[in-house]
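The values are calculated or read from the model by the stated rules, or taken from the named source; none is laboratory data. Everything numeric in this text was worked out from a predicted model, so none of it was measured. Neighbour counts are summed over all protein chains in view; Cβ atoms, including those assigned to glycine, are modelled from backbone coordinates with ideal geometry.
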Amino acid sequence: MERSPRPRRSVLYMPGSNSRALEKARTLAADALIFDLEDAVAPDAKADARRLVLEALAAGGYGGREILLRVNGLATPWGYEDLVAAAHSGAHGILLPKGESADALRQAEAILGAAGAPDSLALWAMMETPRGILEATAIATATGRLAGLIMGTSDLAKDIHCAHTPDRLPMLYALGHCLVVARAHGLAILDGVHLDLEDAAGFAAACRQGRDMGFDGKTLIHPKTIAAANEAFAPGPAELDWSRRIIAAHEEAAAGGRGVVVVDGRLVENLHVAEARRLVALAAMIDALAGA
């Protein structure tokens, strides 16, 4: 089972150097936010961005949204100080870019521990390089702090020299491999971004594909895509109705000493009920988040 289950349908990157964006994030319907100190921030703005993000987190006001802080890599001049600052930032998790080895995660964990980070502060890993994809199992098992993987499809496409096709065929191996690894080790996993903000149909198709594959949600680069992602990755009314019906039917059958039951001509077993319970629980968490 996933170590930290919660809604992650829409996970929006927010540039850490943009104070107006950090303020606006308090009003957005995203399930989670990634305050970015890495790709979205120019080198000469790194220190100011760190300060702005820490001030925003200290001020709070983000409701029940999950907050991740994407730091710079430890090989950069800013990575170590980012991690030390993040240790008591109030973020729920720290997102490490360019994840390529278990050692990098353990090094980050050691820095957080030395800085006195609480045990509840999670680590997340960006899966965005060919080596990182190949090392996915080692990364997934590197530390008990690890809560999830995030696909970095833009950087990955650059490194493997592939095109961003509508069906994402060049990406399917990497997406599927990391998805299986995440599920095998009880981790959350988020799909990569869709770059064309004017391609609403393509974005919707990518969300459907990600949901069908099994991703928990999608990372986003603009607030206008939040609603579509929330809809795509949430259980629909018909899905929830079916889930509740088979849960009730299975419970009734179990009370009568029967292990299986047929509902509307379809065989229902324990595995179907387990998935139904997950969807019903997810819907309840989504409702709770909306009211937070």
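Criterion applied to 102, 117 was being free of Cβ contacts under 8 Å to residues at least 60 places away in the same chain and either among the basic types (Lys, Arg) or buried (at least 20 other Cβ atoms within 10 Å of the Cβ) (or both), and the one residue passing it is 117. Considering only region 23-35, state which residues are surrounded by fewer than 24 Cβ atoms within 10 Å (Cβ to Cβ), within 19 Å of the chain's Cα centre (by Cα) and not small (Gly, Ala, Ser). Across region 23-35, the qualifying residues are 26, 28. Residue pairs whose Cβ atoms lie under 7 Å apart, separated by 6 or more positions or on different chains, with the first residue in region 23-46 and touching a residue at least 40 places away in the same chain (Cβ under 8 Å) and part of a loop (DSSP other than H, G, I, E, B) and the second of a type in the set (Ser, Thr, Tyr) and surrounded by 14 or more Cβ atoms within 10 Å (Cβ to Cβ), are 30/10; 31/10. Annotation note: Cβ proximity below 7 Å between a residue of region 272-288 that is closer than 13 Å to residue 8 by Cα and a residue that is at pLDDT below 95 and among the basic types (Lys, Arg) (sequence gap 6+ or interchain) occurs for 285/6.
Does residue 81 qualify as being in contact with a Ser or Thr (Cβ under 6 Å, 6 or more places away or on another chain), under 19 Å from residue 38 (Cα atoms), modelled with pLDDT of 95 or more and in the same structural domain as residue 47 (by TED's automatic domain parsing)? Criteria not met by residue 81. Evaluated against (1) in contact with a Ser or Thr (Cβ under 7 Å, 6 or more places away or on another chain); (2) assigned to a helix (DSSP H, G or I), residue 147 falls short on exactly one condition, (2). Residues that are free of Cβ contacts under 8 Å to residues at least 40 places away in the same chain and either outside the structural domain of residue 283 (by TED's automatic domain parsing) or surrounded by fewer than 17 Cβ atoms within 10 Å (Cβ to Cβ) (or both) within region 238-252 comprise 238, 241, 244, 245, 248, 249, 251, 252, listed in sequence order.
Take the conditions out of contact with any Leu (no Cβ under 7 Å at 6 or more places or on another chain) and under 27 Å from residue 211 (Cβ atoms) and apply them to residue 253. Does it pass? Write out each step before concluding.
Numbers: out of contact with any Leu (no Cβ under 7 Å at 6 or more places or on another chain): yes; under 27 Å from residue 211 (Cβ atoms): no.
So residue 253 fails the test.
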